Amino acid sequence: MTDPRLLLVAHGTRNPAGVEVIAALADAVAPFVGPVRVAFVDVLGPTPSEVLRDLDDPVVVVPAFLASGYHVHSDVPREISESGHGDVHVTRALGPDTGLAHVLRARLVDVGWQPGDRVVFAAAGSSDVRALDDVHTAAAQLADVTSSEVTVAYVATGEPRAADVVASLRESGEGKVFVASYLLAPGLFHTRLLAVGADGVTDPLGIADGVVDLIVQRYRAGVDAISAGATRSRPGRPDSTPE
């Protein structure tokens, strides 16, 4: 039996740089897991169902999302069900995870952050409370690895907004304020963060080694689950067990 194929499922964006990051992640992961296919749940294709119709082997789907909201809980299962593929295992999304917290800490150091400086944890945001819970978990993980006070803010959906939080911290007399960009790829949201008036804004998580390692870990956990004969999720239902 050949190893299951990895299907990396991302949101999708009209920004070419964002699409290139997902493609680069797939290329970076491939030496460790074999050929990787990519699909998107919004904005552009191919969709997960389109890719799955082309695959006959077992498939491990890794949702390339930093929080699990509607797209992970609804779109991915629907796409897999529509594909008719009967041998698919869906892993947890990439975030929250302590591995990402360590990547963010390194990104903060790159832009001049030092222990004691205030950190604004800036996520895209969501109308799904499950995703917002994940964002707060991720922020707490960053607080743990930086031993700093971390404030959650959003750049697209949700309150408080990143620009307002930075302004409020300035008015309260905080020293240096840095924004940890909890975004996977560059685009409009990250461009907005660059204009919020912080002393430094980290790059998106992108193709950092820690992100590549995390995708590989998710994939291998999915392969182990299949090999062990674990009950696969009903088409596309994300695995919620610890990895």
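Computed quantities for the displayed model
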{"item": "Computed accessible area, residue 134, all protein chains, 1.4 angstrom probe, square angstrom", "result": "30 Å²"}
{"item": "105, 53, reordered so the largest accessible area comes first (probe 1.4 Å)", "result": "53, 105"}
{"item": "Under 5 Å, built H, 5+ apart or other chain: amide partners of residue 61", "result": "7, 89, 90, 91"}
{"item": "Accessible-area order (highest first, 1.4 angstrom probe) of the listed residues 189, 32", "result": "32, 189"}
{"item": "On Cα atoms only, tilt of 162-171 relative to the major axis of the chain in degrees", "result": "20 degrees"}
{"item": "Accessible area (Å², per residue) of region 21-134, counting only protein heavy atoms and a probe of 1.4 Å", "result": "39 Å²"}
{"item": "Cα long-axis angle, helix 129-146 against the chain (0 to 90 degrees, to the nearest 10)", "result": "60 degrees"}
{"item": "Size of electric dipole in the chain: Cβ of Lys, Arg +1 and of Asp, Glu -1, about Cα centre, debye, nearest 20", "result": "160 debye"}
{"item": "Shape of region 1-78, Cα gyration tensor, a/c cut at 1.5", "result": "oblate"}
{"item": "Acute angle (nearest 10 degrees) that the helix 98-110 long axis makes with the longest principal axis of the chain, alpha-carbon atoms", "result": "40 degrees"}
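The values are calculated or read from the model by the stated rules, or taken from the named source; none is laboratory data. Keep in mind that what you see is a predicted model, and the values were worked out from it rather than measured. Cβ atoms come from the backbone with ideal geometry, glycine included; neighbour counts cover every protein chain shown. Note: accessible area is taken over every heavy atom of the protein model, side chains too, but ligands, DNA and RNA are not part of it. Shrake-Rupley method; radii C 1.70, N 1.55, O 1.52, S 1.80 Å.
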